[in-house]
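Here the structure comes first, spelled out in structure tokens, and everything after it is commentary.
The values are calculated or read from the model by the stated rules, or taken from the named source; none is laboratory data. This one's a predicted model, so the numbers in the text were calculated from it and none came from an experiment. Methodologically, a virtual Cβ is constructed for each residue, glycine included, from the backbone with ideal geometry; neighbour enumeration extends over all protein chains shown.
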Amino acid sequence: MSVSFGYASLILTRALRRKRFTLPFTKQSNHLRDLQRAGRVPQFGSFIYSARAWYDKGILISVDKYSPMQFDKMEVILSSNSVGVFNIEIRNNAMGISNRIAQADVKMEDLLQAQYQDRASLSLSNDQVKFHLESLLYQINKKCVDCSTVFSTDWPLISVFRFSA
């Protein structure tokens, strides 16, 4: 039994409107508040992480000209303002000043193509930052992807929402 296109688009719009609850007085809530004050809230969310936490999890492999000892003063910001395109930004917060180290827009199609080609790592910003591809895809799917928002609108949504009887 397949679901009609109208029902599938209804499910998709509900998933897009759903707001995530963030605990107050956390790094994530402060990040979202700063984005709201600046008027730069991405449509599909923005998440801030410690580079040290990503390094310990194996997502972040290396940052050029920085040792892993300096990762505790760095932040990784993962956001999405359009469907299937993710913005990854690395910032250094040494001495209270925030400097952008690297920033790149990554398409989900490019990530999946690299995974299909059995590449172990993904380099961004002229090989300045290296990520473990599988772990990065897992993190993006865990946090940034609701339902099927990763697929562009020209893909058939009916094939995504199939239920078997």
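Filtering segment 43-81 to residues that are crowded, with 20+ Cβ neighbours inside 10 Å and small (G, A, S) leaves S46, A51, S79, S80. Filtering segment 82-119 down to residues that are polar (S, T, N, Q), assigned to a strand (DSSP E or B) and in contact with a strand residue (DSSP E or B) (Cβ under 7 Å, 6 or more places away or on another chain), which residue is surrounded by the fewest Cβ atoms within 10 Å (Cβ to Cβ)? Residue satisfying both the conditions and the ranking: N99. Name every residue in segment 37-69 that is in contact with a Lys or Arg (Cβ under 9 Å, 6 or more places away or on another chain) and not aromatic (F, W, Y), in order of residue number. Correct list: G45, S46, I48, S50, A51, R52, L60, I61, S62, V63, D64, P68. The single condition among (1) of a type outside the set (G, A, S); (2) at pLDDT below 90; (3) exposed (fewer than 11 other Cβ atoms within 10 Å of the Cβ) that I11 does not satisfy is (3). The set of residues from segment 120-139 being polar (S, T, N, Q), touching a strand residue (DSSP E or B) at 6+ places or on another chain (Cβ under 6 Å) and not in a strand (DSSP E or B) comprises S125, Q128.
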